[in-house]
Amino acid sequence: MEARSPRKRVRSLPSVRFLLPLLLLLTVVLSACVGGRFEAKGWSGIALSGDDLVIGATDGSLLSLRENGVRRWKFPQGESEEVAAIYAKPAISDGKAYVGEYNGFLYAIDLESGNLLWKADAGEAVVGGAVVANGKVVVGTSEGKLLAYNANQGGTPLWEFPADGEVGKIWSSPVIHDGVIYFGALDHKMYAVSLETGLAVWNQPFEAEGAITTTPLIADGKVFIGSFDKFFYALDASTGQMVSQLEGAGWFWGGAITDGKFIYAGNLDGYLYAWDGRSIEAQRRFFAEGAIVAPPILVGDDWIAVASDNERVHVLDRETFAEVWTFVVGSRIRAGMASNGDLLYVSSIKNVLTALDVGERRQLWSEPLRD
């Protein structure tokens, strides 16, 4: 059956269960100064640097921990920098961690020492993550600008997209593939931009009927992204034309992953969808009993893990999609997880980092991230 055009849909009024997405938006949009102090709270994803973990705390500091949970360093030390909330996973490249913060700055941190190498003023709050390739670090802002910097020295941007004006607020973490940067924005559009020049690659952006905050997934010549219009799309990576689409019952907030067989995407309706990228229906679904904000993650050779606002991590068998283990974290999970072999690392909204051994079905350790 031919995929329907996104222009021809009829939308019903939102129900009470979709108040959660509005609250998620308000968490960022309505963050304000209280008594002269910035009060926004983030939910940083977890990045791996070898066996070490790099993650942001809710006070905006960046931490490096050993695989056993022992802290290596914290940035900043003392009051040397007035940092703010971190809402995305730090980017790791060439011995550096790059992180954009809600205070509007992009930081480059030495992974060995935790020292600041450089910072750049992006001009407006950074919600999505940074991405690094070919000596450039790229980040989007809530002002509607995509900026590229020299990854070794920062400074003024090498280019801005768009060169004139702005697009919608960029909360999507960009992805770079074959010299092209793919990202979505709150103006309902998906863009493709040349990493070298900062110019648009597609003749026109793809337009959905809702905001796009998902991190794009590139696979099999397609770009997979979800939208607040309740659809998950497969686009031709070279043209931006829609190839197929999957409908959910709620917003697609976080990104997707693939194991080469299925595309796995979580939805605020509480379902994890396993989709072949071509059909109009999902091949499999798992109900996590809570809104899924964080992307799912592959663990070891046999499992996929998904976490949600039901305060649990669900581990599924990839072959059968049956649940094999549930771990109760005790608070909501909205940040991207990390895995290393059979080990799974989870950060909760209460800013506690937990390490799980999925193979042995047990918790290894749990560490608060704030002092």
How many of the residues in the range 220-241 are crowded, with 18+ Cβ neighbours inside 10 Å and either touching a strand residue (DSSP E or B) at 6+ places or on another chain (Cβ under 9 Å) or at pLDDT below 95 (or both)?
14
List pairs: first in the range 160-179 and farther than 13 Å from Leu199 by Cα, second of a type in the set (D, E, K, R) and part of a strand (DSSP E or B), Cβ under 8 Å, 6+ apart or cross-chain?
Val167/Lys189; Gly168/Lys189
Please work out which residue is farthest from Leu48 (Cα to Cα), limiting yourself to the range 346-363 and to residues that are in contact (Cβ under 8 Å) with a residue 40 or more places away in the chain and touching a Gly at 6+ places or on another chain (Cβ under 8 Å).
Gly359
Scan (1) surrounded by 15 or more Cβ atoms within 10 Å (Cβ to Cβ); (2) touching a Lys or Arg at 6+ places or on another chain (Cβ under 9 Å); (3) part of a loop (DSSP other than H, G, I, E, B) for the single condition Leu356 breaks and write down its number.
(3)
Given the criteria buried (at least 19 other Cβ atoms within 10 Å of the Cβ) and either modelled with pLDDT under 95 or in a strand (DSSP E or B) (or both), does Ile292 qualify?
no
If I ask for residues that are crowded, with 23+ Cβ neighbours inside 10 Å and either farther than 18 Å from Asn203 by Cβ or among the acidic types (Asp, Glu) (or both), which ones from the range 152-173 would you list?
Lys169, Ile170, Trp171, Ser172, Ser173
Restricting to the range 149-171, count the residues that are among the hydroxyl-bearing types (Ser, Thr, Tyr) and more than 12 Å from Val138 (Cβ to Cβ).
1
Test Tyr98 against the stated conditions and say whether it is under 25 Å from Ser80 (Cα atoms) and of a type in the set (Phe, Trp, Tyr).
yes
Give the residue, chosen from Thr258, Thr213, that is of a type in the set (S, T, N, Q) and farther than 21 Å from Glu143 by Cβ.
Thr258
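The values are calculated or read from the model by the stated rules, or taken from the named source; none is laboratory data. Small disclaimer: the values here were computed from a predicted structure and weren't measured. Cβ atoms come from the backbone with ideal geometry, glycine included; neighbour counts cover every protein chain shown.
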